[in-house]
Amino acid sequence: MNFIETDRRCMARALELASRGRYSTHPNPRVGCVLAHEGRIVGEGWHQRAGGPHAEVFALQQAGAAAKGATAYITLEPCAHYGRTPPCSLALIEAGIRRAVVACQDPFHQVDGNGLRLLREAGIEVEVGLLREEAEALNLGFLSNARRGRPWVRLKYGMSLDGRTALADGESKWITSEASRHDVQLWRQASSAILTSSATVLADDPQLTVRIPFDQPVPPVKRIVLDRWSRVPAQARVFDTQAPTLVAHRYDNPPATDLADHVERLPLLARDDEKMLWELMEVLGERSIHDLFVEAGARLGGALIKAGLVDELLLYVAPRLLGANARPLIEGLSPDSLALAPGFELYECTQLGDDVRLRLRAKARGIEQYRAHAWVAADEIGSLSQAR
C-alpha cells in the first residue's frame, strides 16, 4: 500500500502514545490511536489500564464531532467483541470515521480480523501494515501468546566481560552498575511475571518486586517460583504479601502446609524436566502471562535454552573480568559442533553507565536439535492439559 508521509507521522504518534502503557496495561496489549483530518490531529488516546477505556475511546472522546470523516490511526486492530468494554470497531463506525489505518492485525481469537471486517462492511476504507514491526515490538508477549499459546520468554543476566555471573563463592553484588539495576526494575514492571528457580531463592532469598516509583498506577508483577521438589521454606521473602506469587511444583511433591494462603500452588504433571518447562509455559499462557521475565541461575537458563523456550536474551555486560573459576552464564548445553550451537541475533545495544545492555533474539537455526525434542514434548503436553 502507498502510505504518505502524513500517514507515517500520525502512526508514529499513535505508537508513541501506545508505549505509555508499557507498565500498566497487563494483560491487555499496549495500543495507541490518533484521529486526524489531512494530517491535523483532532483526537488521540492510549490504553492506560486493563478494564479501562481502550485507546480508540479516548481519541473519540477528545475529537467529539470532529471524528466524523476523520482517518483513524490505530496500532492494533480494534476489538470486535464485548469484554469489559464494548467493541471499539463499533464505536469508530458510529463516530463516522472515513478511513482506518491499522499497524497490526490482532491474532486474539475473539478479534483476529473481525474488527477489520466490521469496518469494511460499514464502508470504511481500511489499510493494514503501516509500521507493523514497530507495533509488534510493543506487544511481543501478547502476540506470542495469541499465536503460540505461550509467553514471550526474556532471559536476563548480569555478567562480566568473560561471561561470568558471580565469583566462585557466589558473590555477585554488584557486578553491574546502578544504571543497569534500575533498568532491570523497568523490565520487571513491563513483564506479566518474573520466573525464578528454587535454587536461586535458596541461595539469595530475593524478593523479586519492583522497587522504583512510577508516575502512574501500576499493578504488582506476579512472581513465579519453579520449585519441583518443594524445597523453598514458607518464610522465603518471595512468598511475602508485596506481590502475588505462584509456586510451581511436581504434583506428587506439594509444598509444605504452612505456605501462606495467598500463595497459589501449581502442580505440574510432567516428570521429565524439559516437558515440565513446556507444561509450565502452556499453563502460564492460559493464565494470560504474556511477557515472562526470567531471573534465575545458570541451570534454569540453560534448560530453557535447551528446550527452545527462550525468545530473547537481555544481557547486562559489566567492564570487568572474573576469571575461569567464577560461575558461568549457562549450564547444561553441550552442542556437538559450532554449527549446532544455539544461536542468537543482536538487535539492540545500549550503554547504561559503564555497562552495555545487549538484547538478542533466538535464531531458528542453531537450536533446531534442541527444539526438535521440545516439539515432541509440546505435543505430549496436550494429554497433560486434559488431565490437569
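Residues that are touching a strand residue (DSSP E or B) at 6+ places or on another chain (Cβ under 7 Å): list the helices (runs of 4 or more DSSP H) wholly contained in segment 91-163 that include at least 3 such residues. First the steps, then the outcome.
Details: elements: 114-121, 132-138, 140-148.
In segment 91-163, 114-121, 140-148 are the helices (runs of 4 or more DSSP H) which contain 3 or more residues that are touching a strand residue (DSSP E or B) at 6+ places or on another chain (Cβ under 7 Å).
Does Thr176 satisfy the criteria of being surrounded by fewer than 17 Cβ atoms within 10 Å (Cβ to Cβ), more than 19 Å from the chain's Cα centre (by Cα), closer than 25 Å to Tyr23 by Cβ and modelled with pLDDT under 95?
Numbers: surrounded by fewer than 17 Cβ atoms within 10 Å (Cβ to Cβ): no; more than 19 Å from the chain's Cα centre (by Cα): yes; closer than 25 Å to Tyr23 by Cβ: yes; modelled with pLDDT under 95: yes.
It is false that Thr176 is surrounded by fewer than 17 Cβ atoms within 10 Å (Cβ to Cβ), more than 19 Å from the chain's Cα centre (by Cα), closer than 25 Å to Tyr23 by Cβ and modelled with pLDDT under 95.
Evaluate the following for Ala296: is it open to solvent by 10 Å² or more (accessible area, probe 1.4 Å), under 20 Å from the mean Cα position of the chain (by Cα), in the same structural domain as Met159 (by the TED database) and at pLDDT below 95? Full working, then the answer.
Working: open to solvent by 10 Å² or more (accessible area, probe 1.4 Å): yes; under 20 Å from the mean Cα position of the chain (by Cα): yes; in the same structural domain as Met159 (by the TED database): yes; at pLDDT below 95: yes.
Taking the combined requirement at face value, the residue satisfies it.
One line per residue, one yes/no per condition, for (1) open to solvent by less than 10 Å² (accessible area, probe 1.4 Å); (2) at pLDDT 95 or above:
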| site | (1), (2) |
| --- | --- |
| Arg250 | no, no |
| Ala256 | no, no |
| Val263 | yes, no |
| Arg271 | no, no |
| Ile289 | yes, yes |
| Gly308 | yes, no |
| Glu312 | yes, yes |
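Of the conditions (1) more than 30 Å from Pro29 (Cα to Cα); (2) open to solvent by 50 Å² or more (accessible area, probe 1.4 Å), Gly353 fails just one. Which one is it?
(2)
What strands (runs of 3 or more DSSP E) lie completely within segment 1-80 and have 2 or more residues being open to solvent by less than 40 Å² (accessible area, probe 1.4 Å) and in contact (Cβ under 8 Å) with a residue 60 or more places away in the chain? Quick ask: steps written out before the conclusion?
Working: elements: 32-37, 40-46, 71-74.
Once the strands (runs of 3 or more DSSP E) in segment 1-80 are filtered for at least 2 residues that are open to solvent by less than 40 Å² (accessible area, probe 1.4 Å) and in contact (Cβ under 8 Å) with a residue 60 or more places away in the chain, what remains is 71-74.
I need every pair where a residue in segment 168-183 that is in the same structural domain as Thr350 (by the TED database) has its Cβ under 8 Å from the Cβ of a residue that is part of a loop (DSSP other than H, G, I, E, B) and β-branched (Val, Ile, Thr), sequence separation at least 6 or different chains.
Close Cβ pairs satisfying both conditions: His182/Ile212.
Would you pick out the residues in segment 169-222 that are in a loop (DSSP other than H, G, I, E, B) and β-branched (Val, Ile, Thr)? Don't jump to the end; show me each part of the working.
Restricting attention to segment 169-222, the residues satisfying the condition of being in a loop (DSSP other than H, G, I, E, B) are 169-177, 190-192, 205-221.
If the condition is that a residue be in a loop (DSSP other than H, G, I, E, B) and β-branched (Val, Ile, Thr), then Ile175, Thr176, Thr209, Val210, Ile212, Val218, Val221 are the ones that fit.
Does segment 106-122 include one or more residues that are open to solvent by 60 Å² or more (accessible area, probe 1.4 Å), closer than 15 Å to Cys33 by Cα and under 29 Å from the mean Cα position of the chain (by Cα)?
Restricting attention to segment 106-122, the residues satisfying the condition of being open to solvent by 60 Å² or more (accessible area, probe 1.4 Å) are 108-110, 112, 117, 120-121.
Now narrow it down to the ones that are closer than 15 Å to Cys33 by Cα: none.
So far as segment 106-122 goes, no, none of its residues is open to solvent by 60 Å² or more (accessible area, probe 1.4 Å), closer than 15 Å to Cys33 by Cα and under 29 Å from the mean Cα position of the chain (by Cα).
The values are calculated or read from the model by the stated rules, or taken from the named source; none is laboratory data. Everything numeric here is computed off the predicted structure, so don't read it as measured data. Using ideal geometry, Cβ is built from the backbone for each residue, glycine included, and neighbour counts are taken over all protein chains shown. Areas reflect the complete protein model, heavy atoms only, side chains present, ligands, DNA and RNA absent. Shrake-Rupley method; radii C 1.70, N 1.55, O 1.52, S 1.80 Å.
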